[in-house]
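To start, the structure under review is shown below, and the notes come after it.
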Amino acid sequence: MTKDMTEFLDPRNDIAFKKIFGEARNKDILLHFLNDVLHKEGIEVIIDVVIINPIQLPEIVDKKESIVDVLCTDGSGVQYIVEMQVSGRKGFEKRAQYYAAKAYSRQANKSGVYHDLRGVIFLAILDFVMFPEKKDYISTHWILDKQSYERDLKDFHFTFIELPKFTKTDPKELSTYEEKWCYFFKHGGEPENMRNFLSSITDESKIIQKAYEALEAHNWSETELLQYDRMELMNMDMRAREEYIIDEAEARGEIRGIEIGKIKVAQLMKKQGFSNEQTALYTQLPLTQIEQLFD
C-alpha cells in the first residue's frame with residue numbers, strides 16, 4: 001500500500017517503534033531517549049549501547065519464547081528492555097517483571113558466577129492507564145528496604161510512562177526532553193500537531209527531529225509499509241472484536257437499559273487498563289460477566 005509522501009506514521013505502532021529505536025542506524029536516537037527518560041547525568045550517562053536480538057529463547061524447549069520491542073546492553077553490561085504497549089493488557093506489570101527476570105537469569109547461564117550479574121532496566125511507554133491511583137504520567141519502581149528506604153538490591157529498575165496522563169498539547173509548553181518524547185509518542189501520528197512541534201524545535205532538539213524523520217512514509221520501503229499496515233489492521237481488529245462482543249450481547253437481548261450503559265463504561269475502563277476487579281467494583285457488574293466480555 002503506497003502512502004502519501006507527506007504522511008507521518010504513528011510511533012505507537014510496533015513496526016514504527018522498532019524502526020525508530022531498534023535499528024542500529026538509529027542508535028543515537030535510542031541513546032538520547034534512554035538518557036532523557038531515565039534522567040542519566042554525569043558518570044551515569046549511557047555512552048553506547050549494543051542492540052541485541054529481542055527474542056528471548058526459552059530455557060525449556062516446550063515453553064514459548066518471549067519477544068520484546070527493543071533489547072540492548074550498555075558498556076557495563078546493564079540490559080535495557082524498551083516496550084511500547086498500545087492496548088491495556090491484564091497483568092502487564094507481571095509481564096514486565098517476568099521479562100526483566102528472564103533477561104537477568106540468562107546472564108548466569110553464560111558466566112555461572114552470580115557476582116557478575118548486571119542490572120536490568122525495563123522501560124515501557126503505555127497508551128493506557130496502568131496505575132489509576134497515581135497522578136503523574138511517569139513512575140519509577142525500585143526494590144527498597146521497607147524501613148530505611150535504602151536501595152540495597154539495585155539490579156532491577158522499572159519505569160512506566162502512561163501517555164493518557166500526559167496532558168500538554170502546546171509544543172511551547174514542553175520544557176524538558178522527557179516531555180518532548182511524551183509529546184512525540186502521543187501526537188507523532190497527528191500531522192498538525194507534528195508540524196507545530198517541528199516548528200518549535202531548537203538545535204538542542206535535533207535528535208527528536210531525526211526521530212520524526214524516521215516516521216515519514218517516504219523513508220519506508222514498500223515491504224515495511226505493508227508490515228506497518230498489517231499491524232494497524234491487527235490493532236483495529238482487536239478493538240472491533242471488543243465492540244462486536246457487546247453488540248452481539250445487545251442484539252440477543254442479554255443487555256438492557258442501564259446495564260448497557262454499565263457495559264459501555266466497563267469497555268472504556270478496560271481500554272484504559274483498569275483490572276477486571278476495579279471495573280467490577282466501579283460499574284457494579286458481576287466479575288464473571290466482565291471476564292466473559294473482555295478476557
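The values are calculated or read from the model by the stated rules, or taken from the named source; none is laboratory data. Please read these numbers as outputs of a predicted model, since none were measured by experiment. Don't worry about glycine lacking a Cβ; one is built from the backbone with ideal geometry, like all the others, and counts go over all protein chains shown.
For the range 100-120, indicate whether the set of residues that are in contact with a Lys or Arg (Cβ under 9 Å, 6 or more places away or on another chain) and either among the small types (G, A, S) or not assigned by TED's automatic domain parsing to the domain that holds L34 (or both) is non-empty. Yes, that holds for at least one residue.
Evaluating K180 against the criteria (1) assigned by TED's automatic domain parsing to the domain that holds K27; (2) modelled with pLDDT under 75 leaves one unmet condition, (2). Taking the numbered list (1) of a type in the set (G, A, S); (2) surrounded by fewer than 16 Cβ atoms within 10 Å (Cβ to Cβ); (3) at pLDDT below 90 in turn, A101 passes all entries but (3). Considering the range 121-174, and only residues there that are of a type outside the set (A, V, I, L, M, F, W, C), free of Cβ contacts under 8 Å to residues at least 24 places away in the same chain and assigned to a strand (DSSP E or B), the residue that is nearest to P191 (Cα to Cα) turns out to be S139.
Inside the range 34-51, residues that are surrounded by 13 or more Cβ atoms within 10 Å (Cβ to Cβ) and among the β-branched types (V, I, T) make up a count of 4. The number of residues in the range 1-41 that are within 20 Å of E222 (Cα to Cα), assigned to a loop (DSSP other than H, G, I, E, B) and either modelled with pLDDT of 90 or more or not aliphatic (A, V, I, L, M) (or both) comes to 11. Could you list, in sequence order, all residues of the range 182-227 that are part of a loop (DSSP other than H, G, I, E, B) and crowded, with 17+ Cβ neighbours inside 10 Å? Within the range 182-227, G188, G189, A214, L215, W220 qualify. In the condition set (1) buried (at least 16 other Cβ atoms within 10 Å of the Cβ); (2) more than 12 Å from the chain's Cα centre (by Cα); (3) not in a strand (DSSP E or B), Y80 is compliant with all but (3).
One residue stands out among those in the range 13-36 that are more than 18 Å from V78 (Cα to Cα) and among the acidic types (D, E): the one that is farthest from the chain's Cα centre (by Cα), which is E23.
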